[in-house]
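The values are calculated or read from the model by the stated rules, or taken from the named source; none is laboratory data. Since the model is a prediction, treat every value here as computed from it, not as a measurement. Every residue, glycine among them, receives a Cβ derived from its backbone with ideal geometry; neighbour counts consider all protein chains shown.
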Amino acid sequence: MEEIYFNIGDFVILFKILTSEKPYHSAKFIEMLKNDYGGFVAEKTSKPDFSVTVFHRGGYAINSRKLKGSKTVDFNATLFHINLKRKILHLGNPPGPFEFEFMINYLLGVYLLPKTGFILHGSSVGYKGESYIFEGPEGAGKSTTSQLLKGLCDVLSDDSVIVRNIKGSWQTYQTLLNEKNFNFKKTSISNKPKGLFFVKKADECKIEKIKNKELILRKVLKQLFTYQDKVSIQFPLLVKFVNENNFYNIYVKKDEQAFKKFFKKEVSTL
């Protein structure tokens, strides 16, 4: 058995990979964890937030039994059996990248995040230890905005951002989810949010602060990645996030040099 610790969103997940008489699939899964998601591999800890046991059945099986304190999830013929009391997920076969990302997102969205955080649909960059989150409807230019800042800022995401409140402090993190662009590194490092910016395409760059908190809350709710039954749990946290952070409309001209200059002079100094 090999143990690998993962840190994502400041949650530690322990993977216990059991080898079998046919270790090929387990070995490929271990290689995928270390190579494709190596930025999330963490040091050993005595108290992981969740454990995932991975073993190779040699085939997929569907278990329809409902056990007390447990939940079975069948997704594309990959079986997750979750024991909530012991905080253990049993995975019957080593997953590929898509199944792996679904599994982690499911753990985050259903069991780990709802009481302390949420995932937003948006892009983000890091600059001098702070994160800048860019939001807006489909086609608003969220991904383009973060890519325009590449070189001046660290591109952190262009599709999804984890936001958490830990002991009264807001922090943002990268997710494991597939992004539109793959030209930036992913790690477990956190950043304090400088602000959230609603992107608007324009012929010139400018920024304006939004003071209407009710309007902000409606906008943020539209960008929330969550499960329907978790909205009521996360709503008070969203209200707290809106009340304690700064929000802006940012007008973006698709000119890399002009926007970098504008960001450095007008946005990073807010």
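Looking at 249, 243, just one residue is in contact with a strand residue (DSSP E or B) (Cβ under 6 Å, 6 or more places away or on another chain), farther than 26 Å from residue 8 by Cβ and polar (S, T, N, Q), and that residue is 249.
Once region 124-167 is narrowed to residues that are assigned to a strand (DSSP E or B), modelled with pLDDT of 95 or more and of a type in the set (S, T, N, Q), the residue that is surrounded by the fewest Cβ atoms within 10 Å (Cβ to Cβ) is 165.
When restricted to residues that are out of contact with any Gly (no Cβ under 7 Å at 6 or more places or on another chain) and not β-branched (Val, Ile, Thr), region 238-249 contains 6. When 157, 169, 190 are checked against the criterion of being among the hydroxyl-bearing types (Ser, Thr, Tyr) and in contact with a Phe, Trp or Tyr (Cβ under 6 Å, 6 or more places away or on another chain), 190 stands alone in meeting it. Could you tell me whether any residue of region 185-193 is polar (S, T, N, Q), surrounded by fewer than 17 Cβ atoms within 10 Å (Cβ to Cβ) and either under 17 Å from residue 165 (Cβ atoms) or not assigned by TED's automatic domain parsing to the domain that holds residue 172 (or both)? No. Taking the condition of being assigned to a loop (DSSP other than H, G, I, E, B) and either hydrophobic (A, V, I, L, M, F, W, C) or under 18 Å from the mean Cα position of the chain (by Cα) (or both), how many residues in region 192-251 meet it? Residues that pass the stated criteria total 6.
Using beta carbons and a limit of 8 Å, which pairs, at least six apart or on different chains, have the first residue in region 231-250 and more than 30 Å from residue 202 (Cβ to Cβ) and the second one basic (Lys, Arg) and surrounded by fewer than 17 Cβ atoms within 10 Å (Cβ to Cβ)? Note: pairs meeting the criteria are 233/115; 237/115. Take the conditions within 19 Å of the chain's Cα centre (by Cα), in a strand (DSSP E or B) and not polar (S, T, N, Q) and apply them to residue 110. Does it pass? No; evaluated as a whole, the condition is false for this residue.
Can you name every residue in region 221-241 that is more than 17 Å from residue 170 (Cβ to Cβ), in contact with a helix residue (DSSP H, G or I) (Cβ under 7 Å, 6 or more places away or on another chain) and of a type in the set (Val, Ile, Thr)? Within region 221-241, 226 is the sole residue that qualifies.
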